[in-house]
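**Student:** Below is the structure I would like to discuss, written out as structure tokens.
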Amino acid sequence: MDLTQLLTSSQLIQVSVDGIGTVDLNWIGYVISWIFNLVSDFPGAIAVGVILFTVMLKTLVLPLDIYSRVKMKKQSLLMESIRPEMEKLQKQYANDKNMYSQKVMELQRANGFNPLGACLPTIVSLVIFMIVFSAFSQYSQYANLNSYNEMAKEYSSAVYEYVMTDENSADDKYFLVAAVEDGLNNPVPDYPKKNEAGVPVDGDGNELKIYGYYVNYDKFVSYYTAHASEDSPKLPEGFSSLPEEQKNKFVTDFVRLGAREAAADYYTANRPKASLLWIGNLWYPDSMLNKEVPSFSDFRSTIARAAGAIDVNYEESYNEVTYNLTQQKNTYNGYFVLIVLAIGFMFLQQFITMRSQKAANELSSVDGQAATTNKMMMVIMPIIFGIFSFFYSAAFSIYMIINTCYSLISTLIINKVVAVRFEKDSEKKARTKLQGRAGRKRLK
């Protein structure tokens, strides 16, 4: 088939696919990305990166945590030391909540108790948590979209391997001619160059919009005869005399075989970074309601939160890029393990916090309402964490678990240190008080 015949062909084949937009990261997203790049060579790199990020962040805000928890523990111990006076007030003003609150505040101030002392660091920690939550949510969408776009690029690059870049090329491999001009009714073939990624570009290095490909059937038959494998579709007898529509369908199916395999190979090669034990993709929830590779509708709804709406007509392209990932599309992405762990560790932290604030909970209100409220929070907070884990990525669940464990360990250490220090200070004050009394008796 000479060039004139090729250019008068009435049909184009459509085999390459386009990527889907981008997600813009904020500065925290870039920090997260930088950390992931540091550990990218490790299996389970995403999990390692999340743990590293969490430990770095918690260490950075550790002074605030220490200040807050020291204040809380000191105040709890102080409340315990004045328990007899507080219990007397509870009995005295059992029917007058306002008066009880007033008398309690007076007693607390007289003993150096400041209930607001630990509030500011706690508020700052909460703000940081919400900022990180938003950043992780954004980054998970960025990571999923970036992974898909790289697969789409590999898919298209495999197609570009067959695209002619020199009209005088005699190599049978180049049996496709790209239609790159903007004019769908009568596209004009050209012979573009390729960049390092194998993507056709113009003279200025700009990637070209490919609307389709003309097929040089003579070259295709020669290439197929020399390179077809057992997995290749069988070339129909009398191929050259078939209607152009049938020939184009066969060429399309042949080209797509390699393109689908290239996209799947990229996913398989990068899967170890984004997987962890039972979880196929850490950027989706650890849940049996999610698949390792989602359906187009699930992918579209997830990405749309950050990248904007995706045209429903893109489904064919998505299914092409993920064509060889049927097993992953039917594999649960998890089994709720991280969700259970997030709830369990948060419940444990709330329980320990409530126990360490026992006196404050029991005595801060005349009817014990504060203790009831804190018991409710011990249940509500784990449920909230469980909801976060259920709807957001497994990577964020890991962040919450490590964050809670770090806080749990630091709380236990701080509480122990403060309790020992408070006991020593109390003994010192008691000795000083006794010595003062003894001195006054001698003077008498």
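**Student:** Could you list, ordered by first residue, the pairs with Cβ atoms under 9 Å in which the first is in the stretch 13-35 and closer than 30 Å to GLN246 by Cα and the second is among the aromatic types (Phe, Trp, Tyr) and at pLDDT below 85, at least 6 apart or interchain?
**Tutor:** GLN14/TYR211
**Student:** So, one more: Across the stretch 279-292, which residue is nearest to PHE336 (Cα to Cα) among those that are aliphatic (A, V, I, L, M) and surrounded by 21 or more Cβ atoms within 10 Å (Cβ to Cβ)?
**Tutor:** So, considering only residues that are aliphatic (A, V, I, L, M) and surrounded by 21 or more Cβ atoms within 10 Å (Cβ to Cβ), the one nearest to PHE336 (Cα to Cα) is ILE279.
**Student:** I need every pair where a residue in the stretch 174-187 that is at pLDDT 80 or above and of a type in the set (Phe, Trp, Tyr) has its Cβ under 8 Å from the Cβ of a residue that is surrounded by 10 or more Cβ atoms within 10 Å (Cβ to Cβ) and outside any loop (DSSP other than H, G, I, E, B), sequence separation at least 6 or different chains.
**Tutor:** TYR174/VAL163; TYR174/LYS219; PHE175/VAL215; PHE175/TYR217; PHE175/LYS219; PHE175/PHE220; PHE175/TYR223; PHE175/VAL251
**Student:** Take the residues of the stretch 36-45 that are touching a residue at least 40 places away in the same chain (Cβ under 8 Å) and crowded, with 16+ Cβ neighbours inside 10 Å: which is nearest to ALA135 (Cα to Cα)?
**Tutor:** Applying the filter and picking the extreme gives ALA45.
**Student:** Give just the number: which of (1) in contact with a Pro (Cβ under 9 Å, 6 or more places away or on another chain); (2) over 30 Å from ALA47 (Cα atoms); (3) surrounded by 13 or more Cβ atoms within 10 Å (Cβ to Cβ) does GLN246 not satisfy?
**Tutor:** Going through the list (1) in contact with a Pro (Cβ under 9 Å, 6 or more places away or on another chain); (2) over 30 Å from ALA47 (Cα atoms); (3) surrounded by 13 or more Cβ atoms within 10 Å (Cβ to Cβ), GLN246 breaks only (3).
**Student:** Taking interchain pairs and intrachain pairs at least six residues apart, which have beta carbon atoms under 6 angstrom, with the first residue in the stretch 130-154 and touching a residue at least 12 places away in the same chain (Cβ under 8 Å) and the second among the polar types (S, T, N, Q)?
**Tutor:** Partner pairs satisfying both residue conditions: SER140/SER393.
**Student:** Let me ask something else about it. Could you figure out which of (1) at pLDDT 80 or above; (2) surrounded by 19 or more Cβ atoms within 10 Å (Cβ to Cβ); (3) charged (D, E, K, R) isn't true of LYS71?
**Tutor:** Here LYS71 meets the rest and fails (1).
**Student:** Next question, about the same structure. Being in a helix (DSSP H, G or I), touching a Pro at 6+ places or on another chain (Cβ under 8 Å) and not assigned by TED's automatic domain parsing to the domain that holds LYS173 narrows it down to one of ASP265, ASP253, ASP298, so name that one.
**Tutor:** ASP253
**Student:** Scan PRO63, PRO84 and give me the residue that is assigned to a helix (DSSP H, G or I), at pLDDT 75 or above, in the same structural domain as PHE133 (by TED's automatic domain parsing) and farther than 30 Å from PHE396 by Cβ.
**Tutor:** None of the others qualify; the one that does is PRO84.
**Student:** Which condition does PHE385 not pass, out of (1) surrounded by fewer than 16 Cβ atoms within 10 Å (Cβ to Cβ); (2) modelled with pLDDT under 85; (3) under 20 Å from the mean Cα position of the chain (by Cα), if it passes all the others?
**Tutor:** If we test PHE385 against (1) surrounded by fewer than 16 Cβ atoms within 10 Å (Cβ to Cβ); (2) modelled with pLDDT under 85; (3) under 20 Å from the mean Cα position of the chain (by Cα), just (1) comes out false.
**Student:** Go through (1) surrounded by 14 or more Cβ atoms within 10 Å (Cβ to Cβ); (2) modelled with pLDDT under 95; (3) part of a helix (DSSP H, G or I) one by one and return the number of the condition ILE310 breaks.
**Tutor:** Here ILE310 clears every test but (3).
**Student:** Kindly establish whether GLY198 is farther than 20 Å from GLN11 by Cβ and either at pLDDT 80 or above or assigned to a loop (DSSP other than H, G, I, E, B) (or both).
**Tutor:** Answer is yes for this residue.
**Student:** What are the pairs with Cβ atoms under 8 angstrom where one residue, in the stretch 387-399, is not assigned by TED's automatic domain parsing to the domain that holds LEU52 and the other, located anywhere, is part of a helix (DSSP H, G or I) and buried (at least 24 other Cβ atoms within 10 Å of the Cβ)? Sequence gap at least six, or different chains.
**Tutor:** The qualifying pairs do not exist here.
**Student:** A follow-up question, please. Which count do you get for residues in the stretch 246-300 that are among the β-branched types (Val, Ile, Thr) and within 16 Å of the chain's Cα centre (by Cα)?
**Tutor:** 2
**Student:** Let me confirm something: among ASP190, ASP231, which residue is among the charged types (D, E, K, R) and surrounded by 15 or more Cβ atoms within 10 Å (Cβ to Cβ)?
**Tutor:** ASP190
**Student:** Looking at this structure, is MET151 under 38 Å from the mean Cα position of the chain (by Cα), at pLDDT 80 or above and surrounded by fewer than 16 Cβ atoms within 10 Å (Cβ to Cβ)?
**Tutor:** Here the answer is no, as MET151 does not meet what is asked.
The values are calculated or read from the model by the stated rules, or taken from the named source; none is laboratory data. Values in this document were obtained by computation on a predicted structure and should not be read as measured data. Cβ coordinates were reconstructed from backbone atoms using ideal geometry, including for glycine residues, and neighbour counts include every protein chain displayed.
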